[in-house]
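Take a look at the structure below.
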């Protein structure tokens, strides 16, 4: 059954509801506990929505968790892990915080921008890669400079290593 066929009245698929329900079991069974599941719920929905969060899908999360839609939008727009506009098939995030900056993050950003022909925040013309805006920290300081590609961490970056990583995405 396709995701569209599986869509239910709530705006979430039965599979998405089951995944969210599994998260809900980790929180108290009250309104505040339901709202605590907003981040995992947004991850689930984003994963099933082409890598971004259309407004109607955020509304479905709000409805399912008994939250005001504005509260869900606040979470989705605050955290860099969520996208509220279409993105490329692959997302590249380069850490530019102090540890990475001191070990060459600026040069890494320049190399990736030149290699892809886009700037931070842009998507390649073929829709393949989105180079996310600057990331303050991706929690891998000992391996600086580092980047996150989709959900994989890459550390101790060099231009050559980056080229191999990007080649593997093609």
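Just want to confirm a number: the relative contact order over the stretch 3-78, from Cα pairs under 8 angstrom separated by 6+ residues, in percent.
Relative contact order of the stretch 3-78: 28 percent.
Calculate for the chain the 222 nm mean residue ellipticity that helices alone would give, adding -39,500 (n - 2.57) per DSSP H run of length 4 or more and normalising by residue count, nearest 500 deg cm²/dmol.
Only helices count here, giving -12500 deg cm²/dmol.
What distance in nm separates the simple spin-label points at residue 114 and residue 165, each placed 7 Å from Cα in the Cβ direction?
Each label point is offset 7 Å from its Cα along the Cβ direction, giving 1.8 nm.
Separation between the residue 151 and residue 63 pseudo-spin-labels, each 7 Å from Cα along Cα→Cβ, expressed in nm?
2.6
Take the Cα pairs of the chain, get the Kirkwood Rh, then feed it into Stokes-Einstein at 10 °C and 1.306 mPa s and tell me D in µm²/s.
91
Compute the helix-to-body angle for 55-64: its Cα long axis versus the longest principal axis of the chain, expressed 0 to 90° and rounded to tens.
Taking Cα atoms only, the helix is inclined about 50 degrees.
Provide the descending list of Cα extents for the stretch 90-169 along its principal axes, expressed in whole angstroms.
Principal extents (Cα only, largest first): 34, 21, 21 Å.
Could you work out how far apart the two model spin labels at residue 39 and residue 21 are, taking each label as a point 7 Å from the Cα in the direction of the beta carbon, and quote it in nm?
For residue 39 paired with residue 21, the spin-label model returns 2.5 nm.
With an 8 Å cut-off on Cα pairs and a minimum separation of 6 or more residues, tell me the relative contact order of the chain in percent.
17
Determine how many Å³ per residue the convex hull of the Cα atoms of the stretch 13-68 encloses.
So the per-residue hull volume is 67 Å³.
Values quoted throughout were computed directly from the atomic coordinates according to the rules given, and no laboratory measurement underlies them. On a predicted model such as this, the values are computed, not experimentally measured, just so you know. For neighbour counting, all protein chains shown are included, and Cβ atoms are generated from backbone atoms with ideal geometry for every residue, glycine included.
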